[in-house]
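**Student:** Sharing a structure below in structure tokens format, with a few things to ask.
The values are calculated or read from the model by the stated rules, or taken from the named source; none is laboratory data. Because the structure is predicted, anything quoted here is derived from the model rather than measured. Positions of Cβ are backbone-derived with ideal geometry, glycine not excepted, and every protein chain shown enters the neighbour counts. Just the protein is used for accessible areas: all its heavy atoms, side chains included, with ligands, DNA and RNA removed. Shrake-Rupley method; radii C 1.70, N 1.55, O 1.52, S 1.80 Å.
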Amino acid sequence: LARNQKLMDFTRQSVPELSFARSAARLAGEFAKADQIRDELRSRGVRLHDFPAAKAEQSDPPPSLPKSPCLCSLPPGILAERHLTFDENRYPFERLVAELIAPESEGGLAGIHELPDAQNWLAAMHAHAARPYAMRRNVFDQRFKAAGGFSKSDSPLSRCYVRFVCEVIQPMLAEELRASCPDLGTRDDNDDNYNYDDDEELLFQVEPNLRCHLAGTGHLLVHLHKDADYFHQPNELNFWVPLTASFGANTLWAESSPGAGDFKPFETKGPGEAVRFWGGQCAHYTVANDTAVTRVSIDFRVIPQPSKFYHERYEKSHRRDGLIRFGEGAFFQRMCSSSSSSSSAIYEVTSPSRKQAPQENAPATALLGEL
């Protein structure tokens, strides 16, 4: 009865009102309500654009998406896909995440789908023919959020993440940009007049995403898309950090350049590896994980040299309520070195005052010490 009453309420709304309500419901995670509004719109003859889920469920490369307007001004070299390695002992993401979501697992994160809680959750999902999107909000995603995830800026996991960005990602991007843009000059640690602020600063995503692509769900985890489809910043770079072995059907698939359509899986042996790619314009997706290995990963976005490459305004940068979608101070924070030394430096993470979409518990400062 309650559901029918909601549908009756929807019938009294105009198509633009329904479209806005559907978007708001999806942003709020109210997917059942969004589906009801979708059905009402379709009953009125409105054609809705949905990504080809049937194609994405398969391992065959899907057709490329239409090209989105590209405002990216980063040098071409830094946009290329790059695989990198790092010291997993200094940046123990796997151990820290496992302590939060599966401390009882003896087989590590790769086998968490065999835990009783996971089996019960999977049985319930299959019994109710759950939507693919529900797979992203699985029992381990719920555990991670209940434990605080990356929202606690003083937690060992958050400190590890910030240190990883400033000790691995920030120097790597600064070096690549200096090589791509000779006008930036050459870094000289003995030159007191050298200005580090411009080429060393970085905007980084405050709270990375945790993905648990459980084995045996029968569903994909992420539909075919580009981040530009969701109005992300034009000069973002994506970093994908798997915490388990990633291969075949359990990993992320991406094309090498916008519109290339040459989809290949990101394959890694396990912790200590990462992939940088241009997720803003390169389409990427997942397929149903029919392997015997659950893939757990974190991913985040950065914008190097924000004084040059951060956009305060661009098409669809702001929501209808006037708040910026992916702005500095909420989704992104600014990292700048207060010292020319690296591992022992204090890195300030600034939070400028500006109106934007809220994000709770954004860290104001981060002191990078040992865990």
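**Student:** Can you give the FRET efficiency to the nearest 0.05 for SER317 and GLU106, using r as the Cβ-Cβ distance and R₀ = 35 Å?
**Tutor:** Values: r = 47 Å, r/R0 = 1.34.
Efficiency at R0 = 35 Å is approximately 0.15.
**Student:** Once you put a point 7 Å from the Cα of SER73 and another 7 Å from the Cα of ALA292, both along the Cβ direction, what distance in nm separates them?
**Tutor:** Computed distance between label sites SER73 and ALA292 equals 5.3 nm.
**Student:** Label PHE247 and GLN119 with points 7 Å out from Cα along Cα→Cβ: what is the distance between them in nm?
**Tutor:** Taking the two extended label points, one gets 2.6 nm.
**Student:** Give the residue list of trypsin sites (Lys or Arg not before Pro) in the range 305-335 that are DSSP loop and have at most 14 other beta-carbon atoms within 10 angstrom.
**Tutor:** Working: sites: LYS308, ARG313, LYS316, ARG319, ARG320, ARG325, ARG334; in loops: ARG313, LYS316, ARG319, ARG320, ARG325.
For trypsin sites (Lys or Arg not before Pro) across the range 305-335 that sit outside H, G, I, E and B with at most 14 neighbouring Cβ atoms in 10 Å, the list reads ARG313, LYS316, ARG320.
**Student:** Add +1 for every Lys or Arg and -1 for every Asp or Glu among the other residues with Cβ under 12 Å from the Cβ of ALA254, and state the total. Please list the in-between numbers first.
**Tutor:** Working: positive: LYS226, LYS264, ARG276; negative: GLU81, ASP227, GLU255, ASP262, GLU267, ASP299.
Value of the local net charge: -3.
**Student:** May I pose another question? Would you mind working out the accessible area per residue for the range 71-126, using a 1.4 Å probe, and quoting it in Å²?
**Tutor:** Working: 2990 Å² over 56 residues.
I get 53 Å² per residue for this part.
**Student:** Please give the contour-minus-distance gain from ALA32 to ALA127: 0.36 nm per residue of separation, less the Cα-Cα distance, rounded to one decimal in nm.
**Tutor:** Details: separation 95, 0.36 × 95 = 34.20 nm, distance 1.68 nm.
Additional length available on full extension: 32.5 nm.
**Student:** Sticking with this one: Using a 7 Å offset from the Cα along the Cα-to-Cβ direction at both GLN142 and SER43, what is the distance between the two label points in nm, to one decimal?
**Tutor:** For GLN142 paired with SER43, the spin-label model returns 3.1 nm.
**Student:** Round to the nearest 0.05 the FRET efficiency obtained for LYS269 and ARG178 when R0 = 35 Å and r is the Cβ-Cβ distance. Before the final figure, lay out each step's value.
**Tutor:** Numbers: r = 31 Å, r/R0 = 0.88.
The computed FRET efficiency comes out at 0.70.
**Student:** Just order 275-286, 97-108, 163-174 by mean Cβ neighbour count inside 10 Å, highest at the front, would you?
**Tutor:** On the way: 275-286: 23.6, 97-108: 16.2, 163-174: 20.5.
For the peptides 275-286, 97-108, 163-174, the packing ranking is 275-286, 163-174, 97-108.
**Student:** So between SER155 and ASN89, what do we pick up on full extension, going 0.36 nm a residue minus the alpha carbon distance? Please report the intermediate quantities before stating the final value.
**Tutor:** Numbers: separation 66, 0.36 × 66 = 23.76 nm, distance 1.72 nm.
So the extension gain works out to 22.0 nm.
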